[in-house]
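Here, each number is a calculation from the coordinates, and none is a lab measurement. Predicted, not measured: the structure shown is a model, and the values here were computed from it. Here the Cβ positions follow ideal geometry from the backbone for every residue, glycine too, while neighbour counts run over all protein chains shown.
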Amino acid sequence: MKIYTDIKDYKKNKNAVVTVGTFDGLHIGHTKILDTLKYKASGVDGTTVLMTFEPHPRTVVSKDFNLKLLTTLDEKIKLLEGFGIDDLLIVNFTKEFSQMSSEQFIKNLIVDKIGAVHMVVGHDHKFGKDRLGDEEKLREIAKQYNFEVTSVPAEMFNGEVISSTKIRNALVAGDVDTVNSFLGRSYSLSGVVVKGAQRGRLLGFPTANLRLHDQNKAVPKKGVYIVACRCENNPYYGIMNIGLRPTFADTIELVIEVHILNFDRDIYGKGLTVDFMKRLRDEKKFESKEELVHQIEEDKKKAVELISILNN
């Protein structure tokens, strides 16, 4: 996959089949769009081109600075490489860029710069200034500039339309089952292992404290989760706690820590990725360290049982 961070560097392609969007999360609805993109390109011996934006347009247009991402740019790139996209255009989304009308956007970039012969869009695709461009407008412009348009219907799961917003809401609720079903894979967090208060080690359950690579990444609801871990390309399982450690009341900042099962190595400074498998319970304040240790033992026992079931 060729990656362009400045659209000025892109050379017009005579057979470009294009899709445009933020594609945050790259959920199974997005996958359907990408599958259609590749299918349409194969029919004209064309090049698949995906245009996305950085930063997320909502943080620029609506000043939604608290918007949390389902996929960081690095994660998105890695996933798109796996999908087999030919060209990835990463457009710097600025206030100035947002003022481009829908007609200007299609003519100047999609037609004149990229050379689209076909555009593939999602069922709710909007583009141009104030998001005034929709499928009907796109089809009008397509007739003028002689390219085709395919609109991909919404992807449903259990009777519900899949969207990035719904996935974010499910994360806030701690519903990782729904999140993983909508994504078509396990939701993950990645970061580096840093030193914490080391209370887990004193309790007999050492934990790896995770500092996220990107602080804009969406974190699931506070609580305890079963996770699959990857460290230095080696797979493990663990129990992750997300919260404020209320039993000790020693932090006001969210702590993300994982007790890796059957593991006893120093991994400070190492990269760690965790995939969420199952939510066990809410974070809880215990009256004593002994109560906390007992609960962790129960969590560990339950995790081992569930991991065994999930792997069979």
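Tabulated data for the structure shown
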{"item": "For the range 205-217, Karplus couplings with θ = phi - 60° (6.51, -1.76, 1.60), whole Hz, Gly/Pro x", "result": "10, x, 10, 9, 7, 9, 9, 5, 5, 10, 6, 8, 6"}
{"item": "Rounded, prolate or oblate (a/c below 1.5 giving rounded, otherwise prolate when a/b exceeds b/c) for the range 2-161 by Cα gyration tensor", "result": "rounded"}
{"item": "Reference-scaled alpha-carbon Rg (2.2 N^0.38 Å with N residues) for the chain", "result": "1.15"}
{"item": "Helical contribution to [θ] at 222 nm, DSSP H n ≥ 4, -39,500 (n - 2.57), averaged over the chain, rounded to 500", "result": "-8500 deg cm²/dmol"}
{"item": "Cβ charges +1 (Lys, Arg) and -1 (Asp, Glu), total dipole of the chain, debye", "result": "320 debye"}
{"item": "Residues with amide H under 5 Å from that of ARG281, placed H, sequence gap 5 or more", "result": "VAL224"}
{"item": "Evaluated over the range 186-310, the Cα radius of gyration and Dmax, each in Å", "result": "13.5, 39"}
{"item": "Cβ charges +1 (Lys, Arg) and -1 (Asp, Glu), total dipole of the range 186-310, debye", "result": "180 debye"}
{"item": "Kyte-Doolittle mean at least -0.5, axial Cα span of 30 Å or more - DSSP H helices of the chain", "result": "289-310"}
{"item": "Dipole of the chain, positive end: most advanced residue of SER101, MET277, ALA16 [Cβ charges, Cα centre]", "result": "SER101"}
